[in-house]
Amino acid sequence: MKGSEAGPAIKELEREICAPCSREEARQWSADAEADAASALKAANCYAFLARTGTVKASRLADAKTGRRLAGTVVKRRPESAVAHYLYAYLTGLEAENDPLRGLELAPVIEREARAASELNPALDQGGPHRMLGELYLRAPGIPVSIGDLEKAVACYRRALAEGPHFAENRLGLAEALLNTGEATEACMQLHELLSGMPPAGSSRDSWQKALSLLKQLCTMKNDGG
């Protein structure tokens with residue numbers, strides 16, 4: 001398929017990252033992957049879903065590797081595709097998660113591909129590229145062992161939050177990163193903001209509101225003592 005023909009289909013996929021799918025669909029899209037970049041990305045996306053939700057570790061790893069290979073072919077053919085870089089990074093992360101001995105080796109690959117996606121489309125998947133970088137810098141060991149960096153984690157989560165202010169994982173990640181850098185007051189306020197947007201239903205609402213008020217008082221106390 002020519003680039004102009006594949007474009008709309010790839011654009012549509014940006015709204016369906018890790019959408020539920022079946023193994024049969026993954027196989028069908030894989031069969032067309034060599035001739036069709038959009039099918040290759042759909043297959044990679046489907047394998048990402050299967051790797052994320054599978055119950056058998058060996059199968060999750062195999063799916064992550066298959067999806068990563070498919071996404072990698074699109075990265076080479078269409079380096080301008082943010083979703084291709086993003087899926088490549090995401091599937092590399094899933095591979096590392098299911099094969100921890102390769103985690104240090106794969107971390108720079110995740111960083112490279114997530115950065116590429118962030119430069120091409122930072123809003124993808126509700127700030128996904130920067131959220132992925134934030135998670136990577138937060139979880140990875142620091143230099144010289146690996147690329148972990150708490151200050152970078154905070155900066156990346158802030159960018160993710162700017163792109164996806166209503167996506168809970170962005171604010172939760174920022175709160176955790178802030179807590180790890182010793183910025184407890186702002187971490188507290190970020191958690192307050194997150195919980196404010198997640199009210200419970202029914203009889204628990206009054207207790208939830210009181211808990212929110214107490215949390216805000218705690219945040220202020222931390223600020224006064226800081």
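The values are calculated or read from the model by the stated rules, or taken from the named source; none is laboratory data. Keep in mind that what you see is a predicted model, and the values were worked out from it rather than measured. No Cβ is skipped: glycine too gets one built from the backbone with ideal geometry, and neighbour counts run over all protein chains shown.
General remarks:
- Among the residues of region 1-29, those that are under 17 Å from Arg78 (Cα atoms) and either under 22 Å from the mean Cα position of the chain (by Cα) or at pLDDT 95 or above (or both) comprise Ala9, Ile10, Lys11, Glu12, Leu13, Glu14.
- Single match in Ala96, Ala71 (criterion: more than 30 Å from Gln190 (Cβ to Cβ) and among the hydrophobic types (A, V, I, L, M, F, W, C)): Ala71
- Of all the residues in region 187-218, those that are over 18 Å from His166 (Cα atoms) and part of a helix (DSSP H, G or I) number 17.
Residue-wise test of (1) under 28 Å from Gly134 (Cα atoms); (2) at pLDDT below 90; (3) of a type in the set (A, V, I, L, M); (4) under 23 Å from the mean Cα position of the chain (by Cα).
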site	(1), (2), (3), (4)
Leu179	yes, no, yes, yes
Glu193	yes, no, no, yes
Ala201	no, yes, yes, no
Leu214	no, no, yes, no
Thr220	yes, yes, no, no
Gly226	yes, yes, no, no
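- For region 158-172, the count of residues that are in contact with a helix residue (DSSP H, G or I) (Cβ under 6 Å, 6 or more places away or on another chain), closer than 25 Å to Ser118 by Cα and among the acidic types (Asp, Glu) is nonzero.
- Scanning region 165-211 for residues that are among the hydroxyl-bearing types (Ser, Thr, Tyr) and farther than 21 Å from Ala153 by Cβ yields Ser196, Ser203, Ser204, Ser207.
- Each residue in region 136-146 was checked for being more than 14 Å from Thr181 (Cα to Cα), surrounded by 21 or more Cβ atoms within 10 Å (Cβ to Cβ) and either free of Cβ contacts under 8 Å to residues at least 24 places away in the same chain or not aliphatic (A, V, I, L, M) (or both), and 0 pass.
- Contact annotation: residue pairs with Cβ atoms under 6 Å, 6 or more positions apart or on different chains, pairing a residue in region 164-177 that is over 13 Å from Gly197 (Cα atoms) with a partner that is part of a loop (DSSP other than H, G, I, E, B), are Asn170/Gly164.
- When every residue of region 147-163 is checked against the conditions, at least one turns out to be surrounded by fewer than 21 Cβ atoms within 10 Å (Cβ to Cβ), more than 16 Å from the chain's Cα centre (by Cα) and part of a helix (DSSP H, G or I).
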